[in-house]
1. Just the residues that are more than 7 Å from every other protein chain (Cβ to nearest Cβ) and surrounded by fewer than 18 Cβ atoms within 10 Å (Cβ to Cβ), please, taken from the range A:23-32.
2. Where in the range B:69-178 are there helices (runs of 4 or more DSSP H), lying fully within it, with 3 or more residues that are crowded, with 19+ Cβ neighbours inside 10 Å?
3. Would a scan of the range A:38-48 turn up a residue that is within 8 Å of another protein chain (Cβ to nearest Cβ) and closer than 23 Å to residue B:299 by Cα?
4. Identify the residue in the range B:323-336 that is more than 7 Å from chain A (Cβ to nearest Cβ) and assigned to a loop (DSSP other than H, G, I, E, B) and, among all such residues, is surrounded by the most Cβ atoms within 10 Å (Cβ to Cβ).
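The values are calculated or read from the model by the stated rules, or taken from the named source; none is laboratory data. Note that the structure is a prediction, hence the values are computed from the model and not measured. Here the Cβ positions follow ideal geometry from the backbone for every residue, glycine too, while neighbour counts run over all protein chains shown.
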């Protein structure tokens with residue numbers, strides 16, 4: 001877990017730092033939009049929690065509508 | 001506002017399309033398990049059916065020469081609906097990238113690095129690709145010509161070395177499967193390798209093309225890429241015959257059969273390396289397009305600073321997609337073509353129609 005958090009901290013340090021220095025608000029929002037779900041997913045996967053697959057949910061939705069071979 | 005102001009040549013654009021399609025030759029088992037010895041016919045049918053879609057993409061490129069797909073959606077559908085479609089496309093690009101990263105991890109583990117966990121391979125791939133993404137479209141597409149020519153040469157060599165094992169009777173019987181299988185196969189090939197060319201609607205503002213050049217580069221790229229897949233499929237069918245659907249990676253098995261005495265055997269390792277290169281290229285393009293789409297959505301030109309976060313998301317998302325390659329293959333065969341159809345064909349068609357109306361209206365008002 002510590003390694004995982006260190007990796008994410010490093011990513012934030014490399015990419016989020018310059019965005020803060022440049023005061024790019026849109027850049028920061030864009031970064032956090034990608035970074036936050038990645039961090040949450042990584043922690044869930046590290047804890048071996050069952051993460052539902054988004055793509056499989058979409059597949060099931062289409063299957064329920066009758067779109068399947 | 002254009003996020004990445006880098007420019008690429010028409011040739012780079014064309015070879016990128018070729019590489020993009022060629023990289024799918026790894027995944028022909030999706031198709032061969034459905035249409036067996038008639039898979040080569042399906043590639044031809046698929047290419048014919050896809051030509052109108054290429055025309056749609058070309059028209060969109062010419063109608064909005066300075067705008068990428070996210071900007072086009074905003075202009076055509078307005079700020080709210082445009083953003084909704086934009087989010088759908090970002091999900092599509094991220095999903096495609098993650099699916100290919102997953103394939104690369106599984107393939108590399110299966111063929112070359114048996115002991116290495118696939119997650120390590122996926123992280124390494126994304127890390128290297130992120131360097132290209134940080135430097136923009138120029139670096140992402142720089143080696144497309146080299147990759148494409150190398151693969152084509154290797155393909156010709158492999159066909160020559162397998163000549164003694166080719167049995168033309170393996171192509172028989174022709175057109176003996178149920179009609180539904182041909183429909184499924186054609187749908188599969190038009191959506192999975194061919195329809196993914198939609199990602200080039202994100203890149204086209206980086207290539208300055210007139211109508212003639214757009215037609216030339218798009219069609220040559222598509223044509224040569226299709227020929228590559230066709231050659232790989234014909235080779236697999238001719239060599240493996242009715243054993244074709246028994247293997248997850250028929251191309252690799254076919255190349256394993258190359259045996260010219262002691263000197264030339266186990267050629268599949270060379271092919272594996274080339275295929276990993278191609279898959280890496282495809283991932284780089286998809287990764288770049290995903291980051292570009294997110295930057296465009298937030299209207300920020302800080303594209304390079306989003307790359308590592310996007311990379312982390314791509315790897316984590318890939319790990320949640322499918323529990324096993326078998327389920328991935330099943331879904332790709334039976335449901336994914338339906339999921340991708342509105343994204344790759346219907347929305348672009350609607351966008352083109354509405355875009356033409358809007359442009360005509362603007363001209364009349366002017």
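1. Looking only at the range A:23-32, we keep the residues that are more than 7 Å from every other protein chain (Cβ to nearest Cβ), and these are A:23, A:25, A:28, A:32.
A:23, A:25, A:32 - these are the residues of the range A:23-32 that are more than 7 Å from every other protein chain (Cβ to nearest Cβ) and surrounded by fewer than 18 Cβ atoms within 10 Å (Cβ to Cβ).
2. B:69-111, B:118-135, B:144-161
3. yes
4. The selected residue is B:323.
Rundown of residues vs (1) in contact (Cβ under 8 Å) with a residue 24 or more places away in the chain; (2) outside any helix (DSSP H, G or I); (3) farther than 21 Å from residue B:18 by Cβ; (4) touching a helix residue (DSSP H, G or I) at 6+ places or on another chain (Cβ under 6 Å), yes/no style:
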| site | (1), (2), (3), (4) |
| --- | --- |
| B:229 | yes, no, no, yes |
| B:255 | yes, no, no, yes |
| B:271 | yes, no, no, yes |
| B:287 | yes, no, no, yes |
| B:293 | yes, no, yes, yes |
| B:306 | no, no, yes, yes |
| B:311 | yes, no, yes, yes |
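Yes/no matrix, rows are residues, columns are (1) more than 8 Å from chain A (Cβ to nearest Cβ); (2) surrounded by fewer than 22 Cβ atoms within 10 Å (Cβ to Cβ); (3) at pLDDT 95 or above:
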residue: B:259; (1), (2), (3): yes, yes, no
residue: B:272; (1), (2), (3): yes, yes, no
residue: B:277; (1), (2), (3): yes, yes, no
residue: B:287; (1), (2), (3): yes, no, yes
residue: B:290; (1), (2), (3): yes, no, yes
residue: B:321; (1), (2), (3): no, yes, no
